[in-house]
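Data block below; observations after.
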Amino acid sequence: MSLNIDLVHFLVVTVFSFLVGLEVKSYRKQYITSKTENLFFGDVRTYSFVGILGFVLFAVDSSLHILYAGGFLSITLLYALLYQKNLQENQRSILLYIVMLLVYSFGALIQTEALWMTALLYVSIVFILNVNKGVEKFTQEINISEFETLSKMILLSVVILPLLPDTKIIPYIPLSPFKIWLAVVVISGISYSGYILQKYFFPSKGYYLTGIFGGSYSSTATTVVLARKAKQLQGYAVIDAAIISATSVMYLRLIVIALIFNIEIGKSLLFPFILLALTGFLISLFYLKSEQKTQENVEIVDHNPLELKTAFLFAFLFVAMIVITHFVTKHYGTSGLEILSFLVGFTDIDPFILSILTGKFSIENTQTTAAIMIAAGSNNLLKAIYALWFGTIKNTYKSALWISLLGVITIVWGLYFEHIL
């Protein structure tokens, strides 16, 4: 014999409403004073009955739901009377009114949607009520302009992206506008994730983690910042470790990008890039263990990689690299691609790597893999130059030497990749 579904729904609404009432009571204890005691209405029983009321009114008038709407208006009217008093006491929060309306909606939601929707709403209410202090601290520390930028990118990716044509309409470009912008959104998302992790979740964990998380969105920028810090501190081996770790993370980042856009090439890069990344991490750990000085915090780069101007510039470079790569592979073949890969390494390599991963060129997968390796290797040479320039030879020659060595190995491996297979 199975329970009646209406009975199950009623019990679930009653329990959830009661539990929310308990959470509200706990929330009130954190803020209630003799001055504000009269500014709240409803206790645990009130929230329980509001949930039951919503369930009953929605059930008995299942066609027009006039009674249910009347209950909503009644709760609103009662709170409006209380809110007038609240304004006199300079209390403007409507949080508990919103929570009560959500509890009132349990009955309608459980009768029209799947059970998990009501459960998710209950969990969301409890979670948000309990993270108040953390939210206040987070909102005080975070730069609000970054959320504005993120909102713009969400608009472009969720609203604009589906509107772009998925057909080839640009001469000499083997990709549609949709796929071009999709690539930009993916790369920006990967970079932004690393940026947020480094800046807001691990901001005071020392130089080494700065190198790791900084390398997840820009190993070049991270190298510059750490090299400048090395010039100020003079003699911190942990900064050498951080610079090397940033380059090691770059190899892992390129594997992820390759697997997303061309899984076959991504698989080809797994062994060489994981081996090079592990080598870099082992070297960096050697320097890390030799450093016993206190690690102070370092600000990485106060530059949001998800800014719109950066995204549009990346899109332009991406398209330009497709055109250049197409021209080079058509007229100069493999040798031309190798030279181009080496030269591109002294710039931003992401647009070039995306172009050869997504573009349909007259080259084999092994040649594409080799080109990515050469570009990554020459980019290491650029970072070594930056390390010496911004940190001086005396302070950063160790890290510059090691990332240069990793770069040379990567280039040589790329040049002979086809013969190694």
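The values are calculated or read from the model by the stated rules, or taken from the named source; none is laboratory data. What you see is a predicted model; the values in this text were computed from it and never measured. Cβ sites come from the backbone with ideal geometry, for glycine too, and all protein chains shown count toward neighbours. Ligands, DNA and RNA are excluded from the accessible area calculation, which covers all protein heavy atoms including side chains. Shrake-Rupley method; radii C 1.70, N 1.55, O 1.52, S 1.80 Å.
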Quiz item: Tell me, which residue of the range 155-194 that is open to solvent by less than 40 Å² (accessible area, probe 1.4 Å), outside any loop (DSSP other than H, G, I, E, B) and small (G, A, S) is modelled with the highest pLDDT?
Solution: A183
Quiz item: So Q30 clears everything in (1) modelled with pLDDT under 90; (2) within 18 Å of L101 (Cβ to Cβ) except one condition, right? Which one?
Solution: (2)
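Loosely packed, with under 14 Cβ neighbours inside 10 Å and part of a loop (DSSP other than H, G, I, E, B): which single residue out of L73, L64 fits that description?
Of the residues listed, the single one that is loosely packed, with under 14 Cβ neighbours inside 10 Å and part of a loop (DSSP other than H, G, I, E, B) is L64.
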Quiz item: Is it true that L96 is surrounded by 12 or more Cβ atoms within 10 Å (Cβ to Cβ), more than 20 Å from the chain's Cα centre (by Cα) and at pLDDT 85 or above?
Solution: no
Quiz item: Tally time: how many residues in the range 307-331 are open to solvent by 80 Å² or more (accessible area, probe 1.4 Å), modelled with pLDDT under 85 and not basic (K, R)?
Solution: 4
Practice problem: Would you tally the residues in the range 61-94 being among the charged types (D, E, K, R) and without any contact (Cβ under 8 Å) to a residue 24 or more places away in the chain? | Solution: 2
Quiz item: Can we say A242 is in a helix (DSSP H, G or I) and at pLDDT below 85?
Solution: no
